[in-house]
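Worksheet: one structure, shown below.
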Amino acid sequence: MEFRSDLYGGLSKVAELLGVGRVGMSHQAGSDSLVTSRVFMKMKERDCMDNYCGVLYGLGSVNIKKGKIK
């Protein structure tokens, strides 16, 4: 997660850092979607997202100005 230095790694690592448990095996659609939802809600509870509302990773005025549209 580029915008948070204290949250890093993939989905499983971020879930671990936030104290979010996993049900089932990783890389299974149901398990991954549930963990994603729980991580999102935990980040929302911790006010991690207020400054990033409406921002998609890699898209925005900064990248457009630099010509880095991917």
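The values are calculated or read from the model by the stated rules, or taken from the named source; none is laboratory data. Bear in mind that the values here come from a model prediction, so they are computed numbers and not experimental data. Here Cβ is always computed from backbone atoms with ideal geometry, including for glycine, and neighbour counts include all displayed protein chains.
Those residues that are over 11 Å from the mean Cα position of the chain (by Cα), modelled with pLDDT of 80 or more and of a type in the set (S, T, N, Q), I need them from segment 12-59; list them, please.
Within segment 12-59, S26, Q28, S31, S33 qualify.
State which residue pairs qualify: first residue within 19 Å of R46 (Cβ to Cβ) and without any contact (Cβ under 8 Å) to a residue 24 or more places away in the chain and inside segment 11-34, second residue hydroxyl-bearing (S, T, Y) and part of a loop (DSSP other than H, G, I, E, B) in any location, beta carbons under 7 Å apart, and separation of 6 or more residues or different chains.
So the pair list comes out as S12/S26.
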